[in-house]
Amino acid sequence: MSNEAPESVDTTTIAHEHVLPPSIRIPAIRGEMLQLRPARLEDLAILDSIDAFYGASTITGSSKDVEKSVVESWVRDSVAWSLGDVDVEAAFEAHGRTRTIAWTMLTQVQGAEDPEEFRPIGMIFLTSIDGWSQSAIIQVILGRDFRGRGYSRDAMPRVMTYGFATAPVGLNLHRIAVYVPEKNTRAISVYQSLGFAIEGTLRHALWDEENEKFQDRVIMGTLADEYDPVRALDAFGMRMNPENPGVKEALAAHEHSIEIVQDVTNGTMEVHEKTEHETTEEPAPKKKHHHGTHHDEDADHWPYPEHDDDKTGTSASKRAWWRRIGRGRARSQASE
């Protein structure tokens, strides 16, 4: 049987069939505190030297050995995909043809003679990249001494911007998720600050090795038209780098949404994104009180809606907050 496509098939439709390419060029990404470059196999040994698997039970809910094995498979898959050396049939048998991209996180060595001297401090991954559903899972692993310093908050929005950017600039993802053990409340707080919403829990899906009991796994996610990388970085006093992949597209979308809001506010736009039952005036959002997973000192800077409090039944993806924010609005006003 011939493997050639029939002449009547329009090859331009392949881009719309949600199929991942056989190879990919993984971009370097620059943050304010660190740089991200495609992970290499030799970087795996560095993770041991910085004690990156310490406390795995708390951070991911896995044992140290299991976490180490999973990370190794992710790096190998990422390298293979970048080289176009993916065994498609084996990959399908293993995990349904999803792919992984791994970056090594590098930070400048303080006091070094060479200002360009950087050291690895961990890795960040987009795993389970599914071309069919246009979704992925994001995860960060940091060395023991580099946690709690804001590196995740610097790296994650930039990787997500690349993931959500349309092809060929980015991965054209529609949804990015993260799974967190319920006891890791600090991570849940950070992810909420980046725009993730708690979508549900997998009851007793993880073993809490430290306390010798089962714990829930929290599912968090954000969608392409909910997520605003400008605000995600600004919430932590960081700026976008226009040279990073997907940034120009994100800024264009952000400015376009601001213009829509301004047109509606000024009464110059008759057709807009509201339903026929809504008025042209958007009521000021009520101030929320956040408990449990969000730090109190960040309450006045909360940029995202509380999905649990929403009684309208409106999909969050149709009322993304950044479609309603005006230019230059102070963060302290976001929840007023």
*Local electrostatic count at VAL75 - Lys and Arg +1, Asp and Glu -1, tallied over other residues with Cβ under 15 Å*: -2
*Sticking with the crude label model, points 7 Å out along Cα→Cβ, report the distance from ALA167 to LEU202 in nm, one decimal please.*
2.8 nm
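Can you list, largest first and rounded to whole Å, the semi-axes you get for the range 99-197 by taking the square root of 5 times each eigenvalue of its Cα gyration tensor?
On the way: eigenvalues 130, 67, 24 Å².
Its equivalent ellipsoid spans semi-axes of 25, 18, 11 Å.
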_Radius of gyration and Dmax over the Cα atoms of the range 203-254, both given in Å_ = 17.8, 50
*In the neighborhood of VAL169, defined by Cβ-to-Cβ distances under 9 Å, what is the net charge if each Lys or Arg adds +1 and each Asp or Glu adds -1?*
0
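So for the range 20-249, averaging the separation of alpha carbon pairs under 8 Å that are six or more residues apart and normalising by length, what relative contact order in percent results?
Answer for the range 20-249 is 20 percent.
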*When the chain is fully extended, how far beyond the present Cα-Cα distance does ARG40 get from ASP65, taking 0.36 nm per residue of separation?*
7.0 nm
*Local charge sum around VAL159 (other residues, Cβ-Cβ under 13 Å, Lys/Arg +1, Asp/Glu -1)?*
+3
*Based on the Kirkwood radius over alpha-carbon pairs, what value in µm²/s does the Stokes-Einstein equation return for the translational diffusion coefficient of the range 20-249 at 4 °C and 1.567 mPa s?*
72 µm²/s
*asked:* Multiplying the sequence separation of GLU117 and ASP48 by 0.36 nm and subtracting their Cα-Cα distance, what value in nm do you get?
replied: 22.8 nm
_Table column - 3J(HN,Hα) (Hz), the range 181-186, Karplus curve with 6.51, -1.76, 1.60, x for Gly and Pro_ = x, 4, 6, 8, 5, 5
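Once R0 is set to 25 Å, what does the formula 1/(1 + (r/R0)^6) return for the Cβ-Cβ distance between ARG30 and ASP145, expressed as a FRET efficiency to the nearest 0.05?
Approximately 0.65, to the nearest 0.05.
Here, each number is a calculation from the coordinates, and none is a lab measurement. As the structure is a computational prediction, the values presented were derived from the model and not from experiment. Positions of Cβ are backbone-derived with ideal geometry, glycine not excepted, and every protein chain shown enters the neighbour counts.
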